[in-house]
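The values are calculated or read from the model by the stated rules, or taken from the named source; none is laboratory data. Keep in mind it's a predicted model, so treat the numbers as computed, not measured. Here the Cβ is made from the backbone with ideal geometry for all residues, glycine too, and neighbour counts use every protein chain on show. Only protein heavy atoms, including side chains, enter the accessible area calculation; ligands, DNA and RNA are left aside. Shrake-Rupley method; radii C 1.70, N 1.55, O 1.52, S 1.80 Å.
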Amino acid sequence: MKILLLTHLFNGLAQRLFVELRGRGHEIAVEFDIADAVTEEAVALADPDLVLAPFLKRRIPESVWSRRLCLVVHPGPPGDGGPSALDHAILAGEREWGVTVLQATGEFDAGPVWAWAPFAMRDATKGDLYRREVVDAAVHAVLDALARWRPGGRGPEPPPSLPAARGRWQPLVRAAERAIDWTRDDTATVLRLIRSADGAPGAGALLAGTPCRLFDAHPASAATLARAPAGAPGTAVARRGPALLVRTRDAALWIGHVRREPAAADRPALKLAATLAFAGLAAPLPELPVPLQRADDEWDELRYREHGVPGARVGWLEFDFHNGAISTRQCERLRAAIAHARAQPTQLLVLAGGDGFFCNGIHLHDIEAAADRAGDSAADASWRNIEAIDDVVLAILTLTDRLVVSALRGNAGAGGCFLALAADEVWLHEGVVQNPHYKNMGNLYGSEYWTYLLPRRLGSAAADGADGPACRRITQGRLPVGAREALALGLADRCLAADAAAFGPAALQAALEQAASPDRAARVAAKAARRAADEAVRPLAAYRADELARMHRNFYGFDPSYHVARHHFVARKPQAWTPRHLATHRAGAAAVRTAQAPDPR
């Protein structure tokens, strides 16, 4: 089929549908929903069999849905309607939810239902639920809907086991409905309000008398509460990693990230670590550190566990950084955690990343914040961050006394993809999407030793090196890569499960088997020998120096495109046009316009 993806942003759901549908042989083009006239033009140019809308903030114009089959993906069960479906589900404490594929009509979320898929609600943030349960259910529902499509058909065959329609319109959740009152709301209520708005728009609250939006909240353990200072509800009393410990009416919460109003009207409201956004408040507070190996209910960004018997032992290192971005501070913590893991008597180390994301590379919000600090700059912060993440990758590459596995529980992007490739093997599940490229961020060149890692991964296909066609297809193509394609390209080695829920146990079992494998010692010896041989041909320092020379031009050179793209990203600027590598239907029109243009001579 020819399918036009009409979407507000090319977000995680749109990317997953893109790779799933393209992998099944469908011809997919993408158009950002910017204006009715743009949508009408895109449909005329693409001439699709149907329009699929996975993420919209506006109605599809009647001029399109009345003439072309348009299917909308709604993150709610049949009969649920409105722009804040998942928000309402979390606020109401729903235990079962779903995703519905319905036909666009003149009424929002009220057209004929083509398919739906249910899912159980976890105690998680809106963003986490969206990235896992919603996306997985949407894929199942969309594939079911497409199976009901018939050429020229205007309506679906009735889907089986359709639940009773709720017939309920739920309006946009207003800021006042999830504003936190520290004296009124107990811990469970505050946590639910924050989770319903994480990652956007955040729950409103006062911290140190300052209005802000709160994200990334975690309950304090009984052990933490016992040693934390007392304080009135809404008072920050301690710090750990990126977070402030804020007292509630009946306990306390770790608040990891906040968005304060900017100091100037022309500056974006940045989502920053709470200890950075409130640096003056955080500095004198007592720190309440915890070890990497600790009780399950004790929160921190990093956690290390060990599994298995002596001689076949697995170290399991999680680094659950908010939204997958890794700041200079977080790089330093991760490098220290890898050093700790290296000192343990294990035979295999698993780098497990986070639940939502494995890693997405350098922290653009932190970098943007440096532009407002006296004596600092975004360019300098970018340089510090790229050097720090390079140090993490180097620590992995030089860990040659045991096997290392990157276990992708969630998606990975940019430098996070190449950090994963520093391991001996990359494991993932069917739902993982990778974006192993940098160009979308203002033509950024990238580092993380990718010019060494990517050709090595692609094998004989990349004998011509990082600038050859095999590598350029990935780094210049700027398209998301699904699990099946990652395996075919060599960007992953094993797909162990259908989804994230099944992946964790499967990855642990596979790691224990590798640690106990009779050929493990031989594999470790071969790994060390290969690293020594590669170093003799060209040192890692040379790859790093060449990459950083290119990055220096990105950060400090005459071309400001990286700084402009970063600013637009963190400021959430609306898209003005659809990039041409996605809007493939516009390539022919552009060629015609070029051919018809008057000769400038």
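In table form, for the structure just shown:
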item	result
Estimated inter-spin distance, THR183 and ARG249, nm [label 7 Å along Cα→Cβ]	1.2 nm
Candidate values (1) 0.99; (2) 1.38; (3) 1.07, label of the one derived for Cα Rg over 2.2 N^0.38 Å	(1)
Extreme residue, positive dipole direction of the chain, given options ALA264, GLN293, ILE474 (C-beta unit charges)	ILE474
The stretch 265-271 - phi-based ³J(HN,Hα) in whole Hz, Karplus 6.51/-1.76/1.60, Gly and Pro as x	5, 8, 9, x, 7, 8, 8
5 angstrom amide H check on TRP114, placed H, neighbours 5+ away	VAL101, LEU102, GLN103
Span-rule helices in the chain, defined as complete DSSP H runs reaching 30 Å or more along the axis (Cα) with Kyte mean at least -1.0	none
Cα lying deepest toward the dipole's positive end in the chain, options SER517, PRO310, ILE3, charges on Cβ	ILE3
Packing rank of 410-421, 105-116, 343-354, where each peptide gets the mean count of other beta carbons within 10 Å, highest leading	410-421, 343-354, 105-116
Inter-site label distance for ALA44 and LEU292 at 7 Å from Cα along Cβ, in nm	6.0 nm
Zone of GLU62's modelled label, taken as backbone nitrogen in the stretch 70-84 under 17 Å from a point 7 Å along Cα→Cβ	70
Hits among aspartates and glutamates - C-alpha to C-alpha of LYS271 under 15 Å, sequence gap 8 or more where chains match	ASP198, ASP216, GLU261, ASP366, GLU368, ASP372
Computed E for ALA532/ALA343 - FRET, C-beta separation, R0 25 angstrom, nearest 0.05	0.70
Additional length obtainable on full extension of the chain from ALA542 to ARG472, 0.36 nm per residue less Cα span	23.2 nm
Highest-first arrangement of 12-25, 57-70, where packing means the average Cβ count within 10 Å	12-25, 57-70
Whole-number accessible area per residue in Å² for the chain, which is evaluated in the context of all protein chains at 1.4 Å	41 Å²
Spatial separation of Cα centroids for the stretch 230-270 and the stretch 167-186, in angstrom	19 Å
Set of aspartates and glutamates near LYS2 by C-alpha distance (under 13 Å), chain-local residues within fewer than 8 positions excluded	GLU27, ASP47, ASP49
Cut-off under 5 Å, modelled amide H: who pairs with PHE358 long-range	GLY410, ASN411, ALA412
The chain: relative contact order in percent, alpha carbon pairs under 8 Å with at least 6 residues between	10 percent
Unit charges on C-beta of K, R, D, E only; dipole of the chain, Debye	440 debye
Percent carbon-and-sulfur accessible area, the chain, ignoring ligands, DNA and RNA, probe 1.4 Å	55 percent
Simple label model, 7 Å out from Cα along Cβ direction - ASP499 to ALA175, nm	3.6 nm
Overall form of the stretch 333-375 per C-alpha gyration tensor (a/c, 1.5; a/b vs b/c)	oblate
Protection proxy ranking, peptides 329-341, 562-574, average beta carbon neighbours within 10 Å, highest first	329-341, 562-574
